[in-house]
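Report on one structure; see the data block that follows.
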Amino acid sequence: MGFLRIRTTVDERPGRLSSLAAALADKGGNILGLSVQTDTEGTVDEFLADIPSGPETVRRVLEEAGGRQVQVVTATAHELTDEPTRALLLAAGLRAEPWRLPELLAELLRAEDARWVDGAERGDLPDPTLLTVPVTPRRSVRLRRAGLPFTLTEAARAASFVRLAQPTLRQRPGAERVVTLSDGTQARVRPLTELYREAVRDLHDRCSPESRRFRYLTPEPVLPPQAFDRLCDRSRGRSLVAGHDGQVIAVATLALTPGPGTARMALLVEDRWQGMGLGAALARMILTAARDLGLAEVRAAMLTDNARMLALLASLGAAVTPTDDPGVVEARLAVGTLAGAFPG
């Protein structure tokens, strides 16, 4: 018998996980741990199993059961420790000795190497065996792990871990933030609450059909009451409103999805306030909220002719891919690799 750590990308449909578990059981495997993670190719199931079969055999049977990109590496009994407990102990160590950040990050993610790099060393070529975790705008920790590529979920874990070693500058929930626009005008940003129902409705009335089409992928004339209620529900995500001179001039939303560690972002900025930096500021606040919620990835669906939103998300490092709808593309931002760029 031997311990194996197994990863496989799976289709998000009912029964797929049970098929993989049954395939391992047929080979005498005993699943001792399971986690579900997000990565660029979809949902990743990670098993820690005690199984008599070797890595190549396990890889083959899981591929036959519907697994994709199956990766199998040997593990040790030490890895059977309870993962939340292990993470909490490492967090306690970091709080006591923050200068050990690279070493403790390596232990958290079972990386083979961890070292400080400056901004100039980060590079642009993607390498799944490397993970660069921002710590400050000019300094990061680079991790290397040859056996298993890093997932977006692990990047989010690393970003959350790094925050323990940073000063706490978090604003109170509900605190007002001020954004200075390109013309010097100041907009005030607050969490969306029931108090803004009429003001948000008025915003929709003032927006052009094109702006509403870019936001909802259809020119919605009004925001239905039930949709507003969902935006205010913090169990579903986070929403922000930007105001000026007694009017709401923009709304930014982060909606949680059923997928593990993912959410969807959307922005609506009144026409006459577009192109002044307000959308970019709200996008950064939404990504900060995603980081604080421990999310791995933020996605945004956009019409292909929404040039302004496409440029904004590209500037934040989003990967844009086509969808089944020829008029719609999807942008995906890995929160963990962006976290250092957004202050708390």
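The values are calculated or read from the model by the stated rules, or taken from the named source; none is laboratory data. Predicted model only: the values in this text are computed from it and were never measured. All Cβ positions, glycine included, derive from the backbone under ideal geometry; neighbour counts span all protein chains shown. Note: areas computed on protein heavy atoms with side chains; ligands, DNA, RNA excluded. Shrake-Rupley method; radii C 1.70, N 1.55, O 1.52, S 1.80 Å.
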Checklist line | Principal axis dimensions, largest first and in whole angstrom, of the chain by Cα | finding: 69, 45, 35
Next item on the list: Determine, for each peptide in 242-250, 190-198, the mean count of other beta carbons within 10 angstrom over its residues, then list the peptides with the highest first.
Entry: 242-250, 190-198
Check: Can you give the accessible area per residue of the chain, in Å², using a 1.4 Å probe?
Finding: 50 Å²
Next item on the list: Grab the beta carbon distance between Glu210 and Thr57, set R0 = 56 Å, and tell me the FRET efficiency rounded to 0.05.
Entry: 0.45
Checklist line | Sequence ranges 137-149, 66-78, ranked by mean other-Cβ count within 10 angstrom, highest first | finding: 137-149, 66-78
Notebook entry, point to check: Which distance in nm do the two modelled labels at Arg177 and Thr76 give, with both placed 7 Å along the Cα-to-Cβ direction?
Noted result: 4.2 nm
Checklist line | Segments 290-297, 127-134 sorted - mean Cβ within 10 Å per residue, highest first | finding: 290-297, 127-134
Checklist line | Apportionment of accessible area to carbon and sulfur, the chain, percent (1.4 Å) | finding: 53 percent
Note to self: Nearest 500 deg cm²/dmol is fine: what mean residue ellipticity at 222 nm does the chain get from its DSSP H runs of n ≥ 4 alone, each adding -39,500 (n - 2.57), divided by its residue count?
What the structure shows: -9500 deg cm²/dmol
Next item on the list: Report ³J(HN,Hα) in whole Hz for each residue of segment 244-259, in order, from the Karplus equation J = 6.51 cos²θ - 1.76 cosθ + 1.60 where θ = phi - 60°; Gly and Pro get x.
Entry: 8, 6, x, 10, 7, 10, 6, 10, 10, 10, 10, 10, 5, 10, x, x
Note to self: Roughly how far apart, in whole Å, are the Cα centres of segment 178-252 and segment 265-314?
What the structure shows: 13 Å
Notebook entry, point to check: Karplus couplings for segment 140-155 from phi (6.51 cos²θ - 1.76 cosθ + 1.60, θ = phi - 60°), rounded to Hz, Gly and Pro as x?
Noted result: 9, 10, 9, 10, 10, 8, 6, x, 10, x, 6, 9, 4, 4, 5, 4
Notebook entry, point to check: Does segment 265-314 come out rounded, prolate or oblate, given a ≥ b ≥ c as the square roots of the eigenvalues of its C-alpha gyration tensor, rounded meaning a/c under 1.5 and, failing that, prolate meaning a/b above b/c?
Noted result: oblate
